[in-house]
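The values are calculated or read from the model by the stated rules, or taken from the named source; none is laboratory data. Just so we're clear, the structure is a prediction, and the values are computed from it rather than from any experiment. Counting neighbours? That spans all protein chains shown, and the Cβs are built from the backbone with ideal geometry, glycine included. Just so you know, the surface numbers come from the protein's heavy atoms only, side chains and all, with ligands and any DNA or RNA stripped out. Shrake-Rupley method; radii C 1.70, N 1.55, O 1.52, S 1.80 Å.
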Amino acid sequence: MPRYDANRIEPKWQAFWDQNATFQLPDEIPEGEKKYVLDMFPYPSGDGLHVGHPEGYTATDIVCRHARMKGQNVLHTMGWDSFGLPAEQHAIKTGTHPRVTTNKNIDNFRRQLKSLGFSYDWSREFATTDPDYYRWTQWIFLQLFDTWYDPEHEWTGPDSKQRIGKGRPIAELPIPNDVQSEGESAVRKYQDAHRLAYQHEAPVNWCPALGTVLANEEVTAEGRSERGDHPVERRQLRQWMLRITAYAERLSEELEDLDWPDSVKALQRNWIGKSLGAEVDFYIGSQTEDGFTAWKQQREQTGFPKSPDTDVLRVYTTRPDTLYGATYMVLAPEHPAVDRLTSKDQQTAVEEYRRMAGLKSDLDRTDLAKEKTGVFTGSYATNPVNGQQIPIWIADYVLVSYGTGAIMAVPAHDERDFEFAKAFDLPILQVVASTSDTDSTIADDKQLLDTLTMNEAAEGSVHVPGLELDEAFTETGYAINSGTYDGMATEDFKPKIAADLQEKGLGKEAVNYRLRDWLFSRQRYWGEPFPIWHELDADGTPTGMVRAVEDAELPVVLPEMEDFQPTGTPDPLLSKAPEEWLYQTADDGVKLKRETNSMPQWAGSCWYYLRFADPKNSERFIDPAKENYWLPVDLYIGGAEHAVLHLLYSRFWHKVLFDRGEVTTPEPFQKLVNQGMILGAPELSGFQDTDGNWVSSKKVRENTNEELDATHVIADTGEPATAVKLEAEQVEKKGENFVLADDPKIVVDSRAYKMSKSRGNVINPDDIVSQYGADSLRLYEMFMGPLEQNKPWSMSGVDGVYRFLGRAWRMIVDERADEVKLNASVQDIPPNEDQERILHKTIQAVGEDIERLSFNTAISRMMEFTNAVTAMDQRPRAILEPFVLLLAPFAPHLAEELWELFGHETSLAYEPWPEFDESKIREDTVEVPVQINGKVKAKIQVPNGADKTTLETTATQDETVQSFLDGKQIIKIIVVPGRLVNFVVKG
Ligand code: ANZ
């Protein structure tokens, strides 16, 4: 029986596309227009494909299939982001090499993706774990290593037109004379300190129980490991860092011209966190009036130095207008001046505090809700504007990595400072008021400032009467208690004081970015080895000097290892590698040891889109001509979870390559779309026991074949389960939740949630393919709703599109015949006007909808077509064939099968997309209302597009109209073609 049988049709066409290499691009650059459509390539996890993957992948597949039919050259391919933690964790548990696990998972992903009929050029497939690929990841790292950043350097873009300004990366670093004169080793140190890839002692998350260092993403908000929930400590370790901050300005500003969702642009800008303010120096030299005066005089001469001398603390503030309200200073516990400033009697307290702070993450430290902690250093600084001496504290709410690592604290106007001042009884001085009416200000500043004697402040015993603010006043307003600036509006005061400070050499305007340099080291085996040697002295001790692995020696292939157990120290796993891998002697006789850190998983995904355009090139990471033709990516679709890091990191690498003249576009991804999340079906959300554990309904049902009762135990929790069949009368709605009527202890949650194994609401695409077919899965995922929206899965929805495909099949195929043949109503006759109209309307709508990525509406239009044509006894082939072409991007297997049935011998993949004819869409006749003195009295039928005369004659001759005109005098006839005829009459 030739019913619609996806399981017969789909493997047949998948084999056909494979054998005929239907979607394979030639290696050479084609002629004509290009379209580069990219999916975010997956991490091949052991769980296999998730229904979220085919959502974006179907969308891009439709765009690609449509573009090919429109005659464009389409680059569309797939690969694997296959380094990563899970394969390594599996290796630790089972001893299986991560490569084995990874390859197995890749095979499974490839099989699953092929079963969905995506039109990838599979000849371009690669994995980030292939040495042929990571050879170039290492090469790009060396470009970063070989590029210097000097904030003083004027720079012009590689196209020599694009003026990029100061502080841009340079390939040749000018070496200052004094460095040069110190000899080669000083020069090398100077260079190392200016590289885009540099080494730095940075705090890492060290997890003793797992014996490994964790990435920030692997640490929970509670400061424990995501895996296993073990405590995580902060440790200082030598790390590779990438100087992404050198690109902060461009990464923020150059988002402007991209066709990306506003929300993603906002997230990126926010992450980069550009803020405008000022740097100000507070004097910490001899705390006498003479000392301070001398310092100020000297500054008037020298101006504001590039880097602060040891007699000052430099702060970064976004509110220089609050300078008069600074009542104490705070240094980050790690600030280099702390040792110098700590007085003898405060030493123990300071040391203890620094140790404690080192154990906390930045997130913990800056959490507003956390109780403020800190210690007085025993020293004082002088406020440059008023000579006031204020105590210097250390506290962990100030981060060493932001601004200058030191702040002037203005408790009256900053919430964190306010809480801190309250906790330690430090003075609070209001310097901004909401009104310019200075009479209403509360304090006499003279009297107030007099109360701030050093000792009292240090003891925290100063109470300022009349100034009991309940909370920090963080808004802008007008200056008070600010000397000659009193009464100035904040907006005017900020630039004014910055300029005044600059003139006196005490401060200057400054920009800051929240973005931090990118910590690029991991301590794992399953990552790209760094192409770096450490030089050793005769005893085998590292000298601190590094050198790049020679180009000819790339790739640095991962050593073969069998033991994947963590070292148990913060030493990377690669330090267990065989000696022959680890050590070498250079041509110049220097003993070398390999870098044993590995790169983070982000590295491989930073540039894969470039390699897809030239995946087999063994000479270069990409042929410049191919880069020039294919880049940038025209459409990039993927999950919103990559809105910040992946996109930011790849933009950064791309810009470095651009600056080095290796690529020709400043941005990699022109248009970006985030697909919405597919949530679990509400009916699969499952059950929650009174402890809040989720128990999937599937699990509950699977556990027993019979109806559950109190004697059965819920699989995951061991709790007894009462009857849990989801019958409407058994559940009661309680707020957002439903509870089982006969056992309110079990909550039935009917909302749609993100699919997760623990909730048991995961749908496996394989099951849908075997039950309904890939075309149904594809169509359903596109029909669920707008691409960008989150939407819940529904089995009945799948059933609905499956029935539509069955109808489309029956519209063309004779289901009652013994073999597959055309339906008798399919005839070689010319279509009538109605039939042409519906065809052309569908062509127009589907084409426009695909361009707008509005796939759900396109599918509706095809459903309408199918319903209309199925009702016809005679179905001209001339409207069915184009319909099959419209359906092809969405349900390609079914479309190919029908196309073949129509007698075509080649694939429809490159068949021209049907053209729609505007004239065919127009209805032939239209109905036009006829008014007598503005009231509709009749309707007339006129040919579409009829002119004024025709309308007027037809109306005048219409019987009904004549009956109204009878005996009346026509004064005027108003005709609006296509719209109305109005007779103005008298009598
Ligand atoms: C004085 C002041 C007064 C501030 C006031 C704010 C309000 P954004 O906008 O995020 O750039 N700050 C500077 N460096 C810091 C560090 N290393 N750790 C913690 N806080 C730091 O924040 C800039 C403001 O955050 C700066 O402006 C500084 O406090 C604080 F009414 O200076 B402000």
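What number comes out for accessible area per residue over the chain if the probe is 1.4 Å? Units Å², please.
Averaged over the residues of the chain, the accessible area is 45 Å².
Using only the Cα atoms, what convex hull volume per residue in Å³ does region 765-903 have?
108
Residue by residue through region 24-39, which ³J(HN,Hα) values in whole Hz follow from phi under the Karplus form 6.51 cos²θ - 1.76 cosθ + 1.60 (θ = phi - 60°), with glycine and proline marked x?
7, 7, x, 5, 6, 6, x, 7, x, 6, 10, 9, 10, 10, 10, 9
In straight Cα distance, which aspartates and glutamates are under 17 Å from K504, not counting same-chain residues fewer than 8 positions off?
Output for K504: E279, D281, E300, D309, D311, D321.
With every protein chain present, what accessible area does S575 have (1.4 Å probe, heavy atoms only), rounded to the nearest 10 Å²?
40
Just tell me which aspartates and glutamates come within less than 16 Å, Cα to Cα, of K104; anything on the same chain fewer than 8 places away is out.
D47, D81, E88, E125, D130
Charges only on Cβ, +1 for Lys and Arg, -1 for Asp and Glu: so what's the dipole of the chain about the Cα centre, in debye to the nearest 20?
Around 1660 debye, computed over the chain.
For region 187-221 and region 609-650, what is the separation of their Cα centres, given in Å?
27
Along the Cα→Cβ direction, 7 angstrom out, place labels at E959 and A868. What is the inter-label distance in nm?
Using points 7 Å along Cα→Cβ, the separation is 3.2 nm.
Go through region 230-333 and name the trypsin sites (Lys or Arg not before Pro) that are in a DSSP coil and have 15 or fewer other Cβ atoms within 10 Å of their Cβ.
Listed in order of number, the matching sites are K306.
If I take R0 = 41 Å and measure r between the Cβ atoms of E641 and N177 in this structure, what FRET efficiency does the formula 1/(1 + (r/R0)^6) give, to the nearest 0.05?
Efficiency, rounded to the nearest 0.05: 0.25.
Gain in length, F902 to D5, computed as 0.36 nm per residue apart minus the alpha-carbon separation, to one decimal in nm?
321.2 nm
When the Cα centres of region 906-983 and region 762-839 are compared, how far apart do they sit, in Å?
38
In this model, which of K422/K508; K34/K114; K265/K754; K937/K968; K34/K920; K948/K968 are farther than 26 Å apart at the alpha-carbon?
K422/K508; K34/K920
Describe numerically, in nm with one decimal, the distance between label points set 7 Å from Cα along Cα→Cβ at E226 and at R111.
2.8
Share of region 811-891's accessible area from carbon and sulfur, percent, 1.4 Å?
Of all accessible area on region 811-891, carbon and sulfur atoms account for 45 percent.
With both partners inside the chain, how many of the DSSP beta bridges are antiparallel, as a percent to the nearest 5?
In the chain, DSSP labels about 80 percent of beta bridges as antiparallel.
Multiplying the sequence separation of T543 and R514 by 0.36 nm and subtracting their Cα-Cα distance, what value in nm do you get?
Taking 0.36 nm per residue and subtracting the Cα distance, the gain is 7.1 nm.
Determine how large the accessible area of D229 is when every protein chain is in place; take a 1.4 Å probe and give Å² rounded to the nearest 10.
Per-residue accessible area (D229): approximately 80 Å².
Using a probe of 1.4 angstrom, how much of the accessible area of region 201-315 is carbon and sulfur, in percent?
After summing per-atom areas, the C and S share lands at 47 percent.
DSSP loop GluC sites (Glu not before Pro) in region 537-582 with at most 14 other Cβ atoms within 10 Å of their Cβ, which ones?
Qualifying residues, ordered by number: E550, E560, E562.
Return one number: the angle in degrees, 0 to 90 and rounded to the nearest 10, between the long axis of the Cα atoms of helix 877-887 and the longest principal axis of the Cα atoms of the chain.
Orientation of helix 877-887: about 10 degrees from the principal axis.
Where in region 33-73 does the label zone of E848 land, with the point 7 angstrom along Cα→C-beta and an amide N cut-off under 20 Å?
Flagged as within label range: 63, 66-67, 70.
For the Cα atoms of the chain, what angle does the longest principal axis make with the long axis of helix 6-19, in degrees from 0 to 90, nearest 10?
70
Please give the charge dipole size of region 765-903, origin at the Cα centre, charges +1 on K and R Cβ atoms and -1 on D and E Cβ atoms. Round to the nearest 20 debye.
340
Rounded if a/c is under 1.5, else prolate if a/b beats b/c, else oblate: with a ≥ b ≥ c from the C-alpha gyration tensor eigenvalues square-rooted, which is the chain?
Prolate.
Report in % the part of the accessible area of region 565-626 that belongs to carbon and sulfur, leaving out ligands and nucleic acids; probe 1.4 Å.
Its accessible area is 48 percent carbon and sulfur atoms.
Report, to the nearest 10°, how far helix 98-114 tilts away from the longest principal axis of the Cα atoms in the chain, using its own Cα long axis and a range of 0 to 90°.
The helix 98-114 is inclined about 30 degrees to the chain.
For S756 paired with D257, estimate the spin-label separation in nm (one decimal), with each label point 7 Å from Cα along the Cα-to-Cβ line.
The answer from the label model is 4.2 nm.
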